[in-house]
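The values are calculated or read from the model by the stated rules, or taken from the named source; none is laboratory data. Everything numeric in this text was worked out from a predicted model, so none of it was measured. Using ideal geometry, Cβ is built from the backbone for each residue, glycine included, and neighbour counts are taken over all protein chains shown.
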Amino acid sequence: MIEKITKYCNSLTQYSRYKTREVFIGDVHLGANNPIRIQSMTTTDTMNTAATVEQSIRMIEAGCDYVRITAPSINEAENLRNIKNELRKRGYNTPLIADIHFTPNAAELAARIVEKVRVNPGNYADKKKFQAIEYTDAEYNSELDRIREKFSPLVKICKEYGTAMRIGTNHGSLSDRIMSRYGDTPNGMVESALEFLRICEDLDYHNIVLSMKSSNPQVMVQAYRLLIQRMESENMNYPLHLGVTEAGDGEDGRIKSALGIGTLLEDGIGDTIRVSLTEEPEFEVPVAISLVQRYKERESHSQIISIDETPKDPFIYQRRETFEVAGIGGVTVPKVISDFSEEGIINYKDLTQIGFIYDQITDKWNMTDQASDFLFIGNNDLHFESPTALKVIYNYEKWSLLKDKTKGFPFYSSIEQYKSDGNKSFVLNFVEMNQRSAFSDQLSVIANDETVVFVLSTDNLHGMAEQRRIFFELILRNIKNPVIIKRSYKKINEDNFRLYASTDFGSLLIDGFGDGVWLSGKNQSNNNFEKGFINRTCFGILQATRTRISKTEYIACPSCGRTLFDLVEVTNKIRKRTEHLKGVKIAIMGCIVNGPGEMADADFGYVGSGPNKITLYHGKDIVRRNVNSDNAVDELIEIIREKGSWIEPAKI
């Protein structure tokens, strides 16, 4: 069993909000027993008072509890006064937050005007030049003294004016000093924030919120968990601001955000959230609200067998060890099962939705990069030869009637059903399991049967925790059968279906649990969701957890007043040219603040460096500076070619 340091939430099985101290942000308090607060950030030029006020009002009316505004220089910080006055004049008392990066003088002025300031330890008073520097203890402590001297004036102003502060660490902007000692790790992120937090505590200032943001949800989740563990060890309990930074737009941005934020919300962690999409900020707010509202009645969930400690380290990724059964488990990528059991007659065209395109002329199937691995048809018939790469699953009664049993595999709805049937596949049997059967003597009877893949289902309101508890049990009992995670949602709209599935599957996958996904759902009219939508969602979740890469990944910032070009337009333009580059990560950043640092592990970067000027990166290295924006996308493509990552789009 792992030592007690794995404790990062109240309970792994009973939903409960993690209790933090109360922080005062204007009249909208945060933490303690207050609701989870929603916030977003303006994308207008902060010097344009009218535009910023109008956008702030749209955000507030969409449901924002706080409005964040960038203040990159002292001029923008001063104009926050005009923005605030105009909002108050128009009857809006929503607290304002100034977002500060490189300019302490702007932060010190803003702290006298708005209700909260956000600072990033990596670039507020520290250095970031991507230099590998070896620090002696004396040199390191000397740097801390320099930071204290530079940061303390802001702390004292915040204390005097009753202004709150967010110390917001970003994975991609850790200082060279932190990187030299802790590396590009969640531990480095946590220590970066704690250094600043200790200065605040020394000055008896406690009106503080903390965040650990990353564009990689796995890193983000690990950092927040580690932060809680470290705070508890130092008798701290500051509220937490949750967010996946540079999540992108559309389906991918929503999936990635839900995965990171939802994983923490599932364990009762989080006091305020911001969903960062490359879209207008008022479109972020409904996503955030949907994520939060899911937990309003969560305490009433069915009982889950308790466990005090996780049997795996929650601060690192390690896939649960399994043996391989017919291409499932072991070191293989997680598989996708498409459910056509309620579809009646299935024809060639239906399989187009799950990545298989039939060419009648050649009588051959073509596959996309997001082609399902298994097709569950229940008691239906398949009146044509399935594609070679698509394996068929039947209910076991139907499978037992097949003349050629190599044409598919059986699905058993319970362990009892599997044990009582004498006609099993000698290759692969899918056996459904839930909490009842997992904690009964039945499991021992078929545990480590090398033809069995478990299908783990739940109907618990707190379903992720219940399924996770079963994975814990499998580890504790050294049962190494592969497991398919199965979830079904009813009477739900498309947006919430995507968000909830991303949370429930993603929370398990980023901890190394699950060898496949099986997703189904019905809309509010009780009709099945379109199969292509479900398939895209499954592959999107696997991509966001980085457990199976099937497409290009875009790390795009959500825009703000610092942005030097139209992010939505440029992102769409780059996507159209590069969306076939499977596995390539492209960062699209509006300014240098979200430049090489925030891009973290991107392969290529497109960064605004001035009006109509773009700087292009390969990794963290500048390849071309100040490229005219009219030619920048073409030059980005050329760099991708030069570095050997370009392939021509397939013609299907």
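Which numbered condition in (1) touching a strand residue (DSSP E or B) at 6+ places or on another chain (Cβ under 6 Å); (2) polar (S, T, N, Q); (3) under 29 Å from ARG536 (Cβ atoms) is the only one that ASN216 fails?
That leaves (1) as the condition not met.
What is the residue count in the stretch 152-189 for residues that are modelled with pLDDT of 95 or more and hydrophobic (A, V, I, L, M, F, W, C)?
Within the stretch 152-189, residues that are modelled with pLDDT of 95 or more and hydrophobic (A, V, I, L, M, F, W, C) number 7.
So which residues in the stretch 343-363 are among the aliphatic types (A, V, I, L, M) and surrounded by fewer than 20 Cβ atoms within 10 Å (Cβ to Cβ), if there are any at all?
ILE345, ILE346, ILE357, ILE361
Pull up the stretch 24-51, narrow it to residues that are charged (D, E, K, R) and either surrounded by 22 or more Cβ atoms within 10 Å (Cβ to Cβ) or farther than 18 Å from ALA164 by Cα (or both), then point me to the one that is farthest from the chain's Cα centre (by Cα).
ASP45
Please specify each residue of the stretch 65-84 satisfying the condition of being in a loop (DSSP other than H, G, I, E, B) and touching a helix residue (DSSP H, G or I) at 6+ places or on another chain (Cβ under 6 Å).
Within the stretch 65-84, ALA71, SER73 meet the criteria.
Considering only the stretch 327-342, how many residues are among the charged types (D, E, K, R) and buried (at least 16 other Cβ atoms within 10 Å of the Cβ)?
The number of residues fulfilling the criteria is 2.
Among the aliphatic types (A, V, I, L, M), touching a Gly at 6+ places or on another chain (Cβ under 7 Å) and modelled with pLDDT of 95 or more, is that true of LEU259? Quick ask: steps written out before the conclusion?
Details: among the aliphatic types (A, V, I, L, M): yes; touching a Gly at 6+ places or on another chain (Cβ under 7 Å): yes; modelled with pLDDT of 95 or more: yes.
In short, yes.
How about the stretch 179-277: which helices (runs of 4 or more DSSP H) wholly inside it have at least 3 residues that are among the polar types (S, T, N, Q) and in the same structural domain as GLY162 (by TED's automatic domain parsing)?
On the way: elements: 186-202, 217-233, 250-266.
Of the helices (runs of 4 or more DSSP H) lying wholly inside the stretch 179-277, those with at least 3 residues that are among the polar types (S, T, N, Q) and in the same structural domain as GLY162 (by TED's automatic domain parsing) span 217-233.
Looking at GLY172, GLY168 in this structure, which one is out of contact with any Phe, Trp or Tyr (no Cβ under 8 Å at 6 or more places or on another chain), in a strand (DSSP E or B) and assigned by TED's automatic domain parsing to the domain that holds HIS101?
Testing whether each residue is out of contact with any Phe, Trp or Tyr (no Cβ under 8 Å at 6 or more places or on another chain), in a strand (DSSP E or B) and assigned by TED's automatic domain parsing to the domain that holds HIS101 leaves just GLY168.
Kindly indicate whether any position in the stretch 298-314 is closer than 24 Å to PHE513 by Cβ, surrounded by 21 or more Cβ atoms within 10 Å (Cβ to Cβ) and aliphatic (A, V, I, L, M).
Yes, the conditions are met somewhere in the stretch 298-314.
Out of the residues in the stretch 238-253 that are at pLDDT below 95 and not small (Gly, Ala, Ser), which is nearest to the chain's Cα centre (by Cα)?
That would be VAL244.
Please work out which one of (1) under 30 Å from ASP621 (Cβ atoms); (2) hydroxyl-bearing (Ser, Thr, Tyr); (3) within 26 Å of the chain's Cα centre (by Cα) is the condition TYR66 fails and give its number.
Failed condition: (1).
Please state which one of LEU265, LEU291, LEU242, LEU259 is of a type outside the set (Ser, Thr, Tyr) and surrounded by fewer than 24 Cβ atoms within 10 Å (Cβ to Cβ).
LEU265
Might you let me know whether the stretch 43-61 holds any residue that is in a loop (DSSP other than H, G, I, E, B), in the same structural domain as GLN293 (by TED's automatic domain parsing), of a type in the set (Ser, Thr, Tyr) and out of contact with any strand residue (DSSP E or B) (no Cβ under 7 Å at 6 or more places or on another chain)?
yes
When only residues in the stretch 129-139 that are loosely packed, with under 14 Cβ neighbours inside 10 Å and of a type outside the set (A, V, I, L, M) count, which is modelled with the lowest pLDDT?
The extreme case among them is PHE130.
Could you please find all residues in the stretch 287-306 being farther than 18 Å from THR458 by Cα and of a type in the set (A, V, I, L, M)?
VAL287, ALA288, ILE289, LEU291, VAL292
Against the definition (modelled with pLDDT under 85 and either part of a helix (DSSP H, G or I) or polar (S, T, N, Q) (or both)), how does VAL593 come out, yes or no?
Answer is yes for this residue.
Would you mind stating whether GLU284 is in contact (Cβ under 8 Å) with a residue 24 or more places away in the chain, part of a loop (DSSP other than H, G, I, E, B), among the charged types (D, E, K, R) and within 30 Å of LEU567 (Cα to Cα)?
No.
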